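The values are calculated or read from the model by the stated rules, or taken from the named source; none is laboratory data. Note that the coordinates shown come from a computational prediction; the quantities given were computed from them, not determined experimentally. FYI the Cβ positions are ideal-geometry reconstructions off the backbone, even for glycines, and counts take in every protein chain you see. To get the accessible areas, we keep the full protein, side chains included, count just its heavy atoms, and leave off ligands, DNA and RNA. Shrake-Rupley method; radii C 1.70, N 1.55, O 1.52, S 1.80 Å.
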Amino acid sequence: AQSVTQPDIHITVSEGASLELRCNYSYGATPYLFWYVQSPGQGLQLLLKYFSGDTLVQGIKGFEAEFKRSQSSFNLRKPSVHWSDAAEYFCAVGAETNFGNEKLTFGTGTRLTIIP
Amino acid sequence: EAQVTQNPRYLITVTGKKLTVTCSQNMNHEYMSWYRQDPGLGLRQIYYSMNVEVTDKGDVPEGYKVSRKEKRNFPLILESPSPNQTSLYFCASSFEPSGVSPLHFGNGTRLTVT
């Protein structure tokens with residue numbers, strides 16, 4: 001079974017600083033990887049996804065993530081954060097099966113606080 | 001506008017009083033699922049559905065029921081709610097299975113069971 005670890009529960013960064021949120025996964029085959037963002041009082045919104053191909057993927061709102069198979073990681077980055085990026089971020093891993101019941105497993109989330 | 005609509009947004013109830021949280025999507029998605037979000041635990045899948053009349057248990061199905069009689073609707077039923085079901089609930093839909101396809105989420109239902 002797949003699993004996801006987000007080791008940082010809470011991160012605080014200054015507006016304009018760079019950001020990296022960590023995500024490590026466990027899965028035997030090539031995973032399907034996602035980052036979602038949850039703004040206060042909202043549902044989750046997809047930031048970006050990785051299925052195959054180029055290991056550096058671009059997402060919305062200026063975010064990017066890099067898939068590193070050797071490290072089982074899929075870290076999320078942004079070169080310069082804005083106050084509106086304050087939210088909770090979830091990494092998720094999925095897998096393809098032959099049964100049509102593929103499940104998505106979420107990490108526990110990282111809460112991002114932006115200070116002026 | 002493509003969306004997943006959950007109702008109600010907030011619900012306070014008492015132990016044992018049956019309740020239903022509705023979920024509807026307008027994207028003609030075949031796959032729908034319910035999650036609960038608890039602090040420190042992330043999102044955990046309760047039930048999912050692969051099509052009309054096809055549902056299966058997720059990771060934490062105890063105490064919940066679902067039905068999928070129409071493609072667009074996927075209600076979550078708590079027949080006898082208990083305080084440990086106090087949580088934030090999300091419905092989601094996708095074009096393909098949830099493990100391989102981006103999910104579209106509703107805005108959530110915050111349930112308190114006293």
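Here are the numbers:
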quantity: Around B:Ser33: net Lys/Arg minus Asp/Glu count, Cβ-Cβ under 12 Å; calculated: +1
quantity: Karplus 3J(HN,Hα) series, Hz, for segment A:38-55 with 6.51 cos²θ - 1.76 cosθ + 1.60 (x for Gly, Pro); calculated: 10, 7, x, x, 10, x, 8, 10, 6, 8, 6, 8, 10, 10, 5, x, 3, 7
quantity: Loop sites in segment B:1-85: trypsin sites (Lys or Arg not before Pro), DSSP, at most 13 other Cβ within 10 Å; calculated: B:Arg9, B:Lys17, B:Lys18, B:Lys69
quantity: Virtual paramagnetic centre 7 Å along Cα→Cβ of B:Asn28, amide N under 13 Å, in segment B:79-97; calculated: B:95
quantity: Reach of B:Lys17 by Cα under 15 Å, taken over aspartates and glutamates that are not fewer than 8 positions away in the same chain; calculated: B:Glu79
quantity: Projected label distance in nm at B:Leu41 and A:Arg22, using a 7 Å step from Cα toward the beta-carbon; calculated: 2.5 nm
quantity: Point-to-point label distance, A:Ser3-A:Leu56, nm (Cα→Cβ direction, 7 Å offset); calculated: 3.2 nm
quantity: Computed label-point distance, nm, for sites B:Lys57 and B:Thr13 using a 7 Å Cα→Cβ extension; calculated: 2.1 nm
quantity: Equivalent ellipsoid semi-axes - Cα gyration tensor, segment B:48-114, angstrom; calculated: 22, 14, 11
quantity: Note, ³J(HN,Hα) from phi for segment A:15-20, Karplus 6.51, -1.76, 1.60, rounded to Hz, x at Gly and Pro; calculated: 4, x, 7, 7, 9, 9
quantity: Space enclosed by the convex hull of the alpha-carbon atoms of the protein assembly as shown, per residue, Å³; calculated: 124 Å³
quantity: Ranked order, B:Leu41, B:Leu103 - accessible area, probe 1.4 Å, largest first; calculated: B:Leu41, B:Leu103
quantity: GNM top mover of B:Gly16, B:Gly42, B:Gly63 - chain B, alpha-carbon springs below 10 Å; calculated: B:Gly42
quantity: Loss of accessible area when B meets A, both sides summed, Å² nearest 100, probe 1.4 Å; calculated: 1800 Å²
quantity: Under 15 Å, Cβ to Cβ, from B:Lys18 - net charge with Lys/Arg +1 and Asp/Glu -1; calculated: +1
quantity: Spread of Cα-to-Cα distances over 10 Å intervals beginning at zero, given as percent, for chain B; calculated: 15, 51, 29, 4
quantity: Segment A:Ser84-A:Arg69, extension gain: residue separation times 0.36 nm, minus the distance between their alpha carbons; calculated: 2.3 nm
quantity: Too-long pairs where the Cα-Cα distance tops 32 Å, listed order kept, from A:Lys61/A:Lys103; A:Lys61/B:Lys18; A:Lys68/B:Lys71; A:Lys103/B:Lys69; B:Lys18/B:Lys71; calculated: A:Lys61/B:Lys18; A:Lys68/B:Lys71
